[in-house]
1. Mind listing the long-range amide H neighbours of residue B:127? Cut-off is under 5 Å, sequence gap 5 or more, other chains count too, H placed in the peptide plane at 1.01 Å from N.
2. Measuring from centroid to centroid over Cα atoms, what is the spacing of the range B:84-124 and the range A:292-363 in Å?
3. Please check: in the Gaussian network model of chain A (C-alpha springs, under 10 Å), which one of A:358, A:298, A:56 has the largest mean-square fluctuation.
4. Can you spot the lysines whose alpha carbon is less than 16 Å from residue A:270's alpha carbon? Ignore those fewer than 8 places along the same chain.
5. Which ³J(HN,Hα) values, rounded to whole Hz and listed in residue order, are derived for the range A:211-227 from phi using the Karplus coefficients 6.51, -1.76 and 1.60 in 6.51 cos²θ - 1.76 cosθ + 1.60 with θ = phi - 60°, glycine and proline given as x?
6. Could you size up the charge dipole of the protein assembly as shown around its Cα centre, putting +1 on the beta carbon of Lys and Arg and -1 on that of Asp and Glu, and report it in debye to the nearest 20?
7. Hey, how many Å between the Cα centroid of the range A:53-90 and the Cα centroid of the range B:1-42?
8. Could you check which residue among B:186, B:177, B:100 shows the biggest mean-square fluctuation in a GNM of chain B with a 10 Å Cα cutoff?
Amino acid sequence: MSIIMSLVIVLIEALCGVIFFAVFMPRKNVIRNRTVEFLAEAAVLTALIFLFFNCIKSQVTQKILIGISCVLVAHLFHDAKLYVKVGVSVLYHMKIFIVDYFAIYVICICFTQSAEEIMENPSLLFFPALLSKFILFINVFGLEKIMSGKRSYFGFVSIHFWIIFAVQSFTSVLALISIIKLSFYTVDIPLIAGITTLGVLFLNMAVAWSLRSIAHLEKGTRENALIRQEVEMELDNIKILTQTFNTQRQFMHEYNNQINTLYHLMDSGKYTQALDFIKPLSEQICCALYRIKTDHDIIDAVLNQKDIQAKENGIDINVRSGDLSMITIPDNLLVTIIGNVLDNAIEACMNIETGKVISVKLVNEDGILIFSVINPVNAPVPIVDNFINTTKEDKTVHGIGLKNVALALSQCNGDYELYCDNHFFQFTAFIRLLDYWASY
Amino acid sequence: MNIVLCDDDNNALKILDHKIRNFLDRNKISYKIMHFISGEKLLHSNISLVDIIFLDVRLAEKNGIQIAAALRKRNSHFVLIFVSSFLEYAPNGYSVNATRYVLKEQLDLCFEEAMNSALRELGYFRTLLTFEFVDGAASIYTDNIVYIESDLHKVHFHFSGNHEMRHLYGTLNSIQRQLPSNEFIRIHQSFIVNFRYFIDAKNYCAKLIDNITLPISQRRAVDVKKQLYLFRGRI
């Protein structure tokens with residue numbers, strides 16, 4: 001029975017160790033399947049710790065050998081420098097040491113038992129050890145979430161799920177302490193108490209794995225939403241292109257007629273009339289092809305496309321821009337930033353009755369590309385943490401427009417600010433073209 | 001105010017003239033408007049007292065950009081606004097320090113804003129304040145102040161151009177109360193900065209013209225950045 005108990009304790013400790021190592025050191029991917037690799041690493045570590053735990057009597061030698069086993073496992077399955085592997089192993093053992101003593105301290109306080117009494121009785125030691133490993137697991141899992149931050153898939157799990165996990169972890173600790181108290185009364189471990197304790201522990205682990213799965217699913221949903229948004233933008237582009245082709249076709253038809261008229265005027269010697277006829281025509285051609293020009297092909301394409309889209313909805317776009325031909329920001333980022341912000345402005349203008357004018361500033365000033373969009377609004381738009389909540393039904397797709405802009409800006413050394421009063425909404429982005437902050 | 005309009009299209013000149021008169025009458029600004037239908041004639045005229053030039057781009061002899069470049073060599077102080085039917089010249093238009101490039105088809109939409117911007121550049125909306133400096137009282141235009149720094153009981157005024165720093169005895173709080181709030185911002189307990197010269201804010205540092213770097217206090221950092229972006233994002 002005691003062997004099974006110690007195996008369970010060592011197994012949990014090894015699982016926590018594997019998670020802990022992965023927080024600080026990237027995996028080598030020695031096995032293609034990540035779950036199999038995780039289990040293999042846990043199995044090797046469990047076997048080594050269990051072996052030294054049961055075969056070596058000297059506490060000091062035992063600790064040293066277990067430490068070396070951790071470094072060895074880290075070396076086999078993780079990619080990092082040796083001093084990092086040693087450091088992480090030492091850190092992990094310090095964590096175990098602190099958590100063990102904390103668990104014993106809690107038991108001593110709660111049940112007025114002395115530490116010596118607990119340490120001397122292997123049966124009594126099982127529960128504090130289990131409580132300790134349980135706290136260790138919650139601790140390591142929490143650490144994994146904190147260290148990975150919003151960059152990893154954990155960032156996709158909502159706070160709601162984390163609260164549920166925290167509450168059920170807390171209630172599990174209470175349940176464990178209750179079972180331990182019950183066992184202390186009998187000064188023996190009833191089998192049912194052992195099974196219940198293990199059940200609570202594995203339940204927590206299952207919840208933790210479920211959270212991981214939720215995180216993966218959420219990440220997938222976000223990626224799908226991104227793709228759907230891109231498809232929507234592509235569809236818009238195709239619509240605008242089709243419209244432009246139709247307009248061009250109409251122009252071609254018109255110009256054919258006009259060339260015929262011109263031919264007849266010149267043929268009949270009416271040259272002055274022919275000249276008068278040509279001048280407004282050339283102006284018409286220039287105005288028809290494009291209205292916004294910055295000498296940057298991608299920026300011009302996006303701005304003119306959005307201008308056509310705005311015109312269709314009775315909205316004017318007033319652009320103040322300079323020569324942007326020297327801008328070297330990746331095209332995809334420019335399209336995301338300019339396209340999304342103008343989409344939002346056009347949409348906001350569609351909800352107002354008069355004064356549908358969007359002002360756009362796109363200039364390179366002092367090594368900073370300033371992109372600003374000002375549009376009228378009916379009522380103040382609530383801004384929370386520099387984001388606005390979408391009012392559209394499909395929140396998965398439409399809520400991420402500004403988030404995509406934020407992401408794109410972060411990839412080209414830029415950031416943005418939002419401002420809104422009773423009448424106007426302003427988006428301003430700074431994209432730093434010269435990295436003059438590098439020295440600060 | 002002396003204004004020059006240059007366009008080979010008489011009809012366009014009339015429309016623009018009407019708009020300018022209407023705007024300046026409303027703002028009670030006295031003016032004199034001169035019309036030119038040829039760029040060459042404008043080049044040979046005296047522009048030393050001209051405040052604003054409205055210039056068409058596609059003119060018969062030379063294009064408006066070339067004319068503007070030649071005029072700029074003689075006088076760099078006038079405000080230049082291009083008014084054209086052709087957009088393809090816009091990027092080059094800004095290379096001769098044009099304030100605005102307005103499309104004729106968008107004249108109704110953009111005229112007022114362009115005029116306001118021109119007046120601002122000409123100093124029509126400047127604020128003149130009098131301070132009791134250590135070396136005597138002086139009236140100064142606030143747009144000449146780059147930043148103000150407090151050092152114990154002394155307050156130092158740093159000006160643009162080659163103007164020397166001046167100082168007075170007082171507190172930064174009392175100075176801040178006198179300054180127009182839409183023009184200046186307190187970035188630190190010891191510094192007030194003019195938005196006009198404020199280039200960027202990042203990592204609790206403010207970057208100003210001439211590579212001046214000042215600290216931004218942690219508690220003001222978020223608001224300073226927001227206000228700076230709001231100011232520089234204005235059209």
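Just so it is clear, none of the values below were taken in a lab; they were calculated from the coordinates. Note that the structure is a prediction, hence the values are computed from the model and not measured. Ideal geometry is used to build each Cβ from the backbone, glycine not excepted, and the neighbour counts take in all protein chains shown.
1. Residues meeting the amide H criterion: B:142, B:143.
2. For the range B:84-124 versus the range A:292-363, the Cα centre distance is 18 Å.
3. Maximum among the listed residues: A:56.
4. Within the straight-line limit of under 16 Å, residue A:270 reaches these lysines: A:279.
5. Ordered by residue, 3J(HN,Hα) equals 4, 4, 5, 4, 4, 4, 4, 4, 4, x, 4, 4, 5, 4, 4, 4, 5 Hz.
6. Values: 62 positive and 65 negative charges, 203 e Å.
It works out to roughly 980 debye.
7. Centre-to-centre (Cα) distance: 86 Å.
8. Among B:186, B:177, B:100, the largest mean-square fluctuation in the Gaussian network model of chain B belongs to B:177.
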